[in-house]
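Following: one structure in structure tokens, then a few remarks.
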Amino acid sequence: MRFVLDSGSVGNRETLHRVLAAGLQFPDWYGGNLDALHDCLTEITQPTELVIRGSNALEAALGSYAAAFRRVLADSAAQNDALTVTWET
């Protein structure tokens, strides 16, 4: 699976989590926060590439939350060999 997150369409945290949940087909229990994101990403079993396009727009929209989001993605990818995260400017 390959999912491209267009950061220009993410204006706030809620939208970020809603788009990720739909695009990555998260379970209904997904809580829409960074802890739940980490849990879902580390439970992925099929090869998945998550591409974050427009990282500057993401940082502009989310402020310091974008740095925490980056850390969660990096930690999750480090713990799950089925997950690859790519950042595009």
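Multiplying the residue separation of E49 and D28 by 0.36 nm and removing their Cα-Cα distance gives an extension gain of 5.4 nm. Placing pseudo-labels 7 Å out from each Cα toward the beta carbon at M1 and Q79 gives an inter-label distance of 1.8 nm. Taking only the alpha-carbon positions of region 2-88 and ignoring solvent, what does the Debye formula give for the base-10 log of I(q)/I(0) at q = 0.13, 0.15, 0.22, 0.26 Å⁻¹? Result of the Debye calculation: -0.35, -0.47, -1.10, -1.61. Subtracting the Cα-Cα distance of S9 and T42 from 0.36 nm times their residue separation leaves 9.4 nm of extension gain. Each Lys or Arg adds one and each Asp or Glu subtracts one; over the other residues with Cβ under 14 Å from the Cβ of F26, this totals -3. Taking amide H positions as modeled 1.01 Å from N, with prolines and chain starts lacking one, the residues under 5 Å from T84 and 5 or more places away or on another chain are T48, E49, L50. With axes computed from alpha carbons, what is the tilt in degrees of helix 64-79 against the longest principal axis of the chain, rounded to the nearest 10 within 0 to 90? Value to nearest ten degrees: 20. Taking the C-alpha atoms only, the angle from helix 13-23 to the longest principal axis of the chain is near 40 degrees.
All of the numbers you see were taken from the coordinates with simple rules; none came from a lab. Since the model is a prediction, treat every value here as computed from it, not as a measurement. A quick note on method: Cβ atoms are made from the backbone with ideal geometry, for glycine too, and the neighbour counts reach across all protein chains shown.
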